[in-house]
Amino acid sequence: MSDTFGANSPVRNQISHELAEIEHSVLEMAAIAEGMIADATEALTHLDSSLALTVLKRDDDIDVRDLAIEAACLRLLALHTPLATDLRIVGTAIKMITDIERVGDLAVDIAKIGRKIEAEMGDPGLVDVPRIATLATRMLRDAIEAFVKRDVELAQRVGQRDDQVDALYKEFRHQLHEVMRHRPEDVVTASYLLLAIHHFERIADHAVNIAERVAFMVTGHFEQLAESHRSGQTE
């Protein structure tokens, strides 16, 4: 019997090699996106226009990597006959890069908000932006780590922490509404910050999406990991 598709066959080795390259590329893309969030947060909280510009410039890199990884995934599917487990990895990678690309877009939007608040000579400290940024970034980092380690429990914890981000978002939204009611001179800045905290809440949602796909990749069973996702709640 031919071992063309056996565990140590050339075809199997080639598929494994291409999958490893795809995973490495996904991790590089995720690292860039995480760095963009960190710099966008810094640019917003310290009104650093030059740092904000570096975030904007990195968006093209994210977009290029998104297309390249998708092409690599499609090429693997077209040229080989992957196993069911391989298909879940490829499908997860394609889903992940979509979420990562959107995280990059949100980081760009946050950086732009910092520039707008600076132009208004506003105060970005009306709410504790780094607090919600830290929570959202940690969720993204853990979702990526769950992918690397094939760790379903870590993926589940990412989903559970989504409630914390949602609660903090609601708290900050209330604080900003109060500012807008009682301090008309800060209405414009508060409105920009409302957008910023919503972007961080969306980053957390994308982290949950990644965690859900990782859990599916490992188990073959899809489950919505965040309570707000299960209930269909939207903000």
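The values are calculated or read from the model by the stated rules, or taken from the named source; none is laboratory data. These figures come from a predicted structure and were not determined experimentally. Because the Cβ atoms are built from the backbone with ideal geometry, glycine has one as well, and the counts that use them run over all protein chains shown.
When you look at residue 210, is it in contact with a Lys or Arg (Cβ under 8 Å, 6 or more places away or on another chain), part of a helix (DSSP H, G or I), at pLDDT 95 or above and closer than 23 Å to residue 146 by Cβ, yes or no? Yes. Answer with yes or no whether residue 78 is more than 18 Å from the chain's Cα centre (by Cα) and within 15 Å of residue 35 (Cα to Cα). Against the criterion (more than 18 Å from the chain's Cα centre (by Cα) and within 15 Å of residue 35 (Cα to Cα)), residue 78 does not qualify.
Condition check: among the basic types (Lys, Arg), assigned to a helix (DSSP H, G or I) and surrounded by fewer than 18 Cβ atoms within 10 Å (Cβ to Cβ). Does residue 157 satisfy that? The answer is yes for residue 157. Residue check: is residue 147 over 24 Å from residue 59 (Cβ atoms), in a helix (DSSP H, G or I), modelled with pLDDT of 95 or more and aromatic (Phe, Trp, Tyr)? It is false that residue 147 is over 24 Å from residue 59 (Cβ atoms), in a helix (DSSP H, G or I), modelled with pLDDT of 95 or more and aromatic (Phe, Trp, Tyr).
Exactly one residue out of 140, 194 is in contact (Cβ under 8 Å) with a residue 12 or more places away in the chain and farther than 21 Å from residue 98 by Cα, and it is 194. Within the option set 52, 72, being crowded, with 20+ Cβ neighbours inside 10 Å and modelled with pLDDT of 95 or more holds for one residue only, 52. Within the bounds of segment 107-125, is there any residue that is within 17 Å of residue 201 (Cα to Cα) and not in a helix (DSSP H, G or I)? There is no residue in segment 107-125 that is within 17 Å of residue 201 (Cα to Cα) and not in a helix (DSSP H, G or I).
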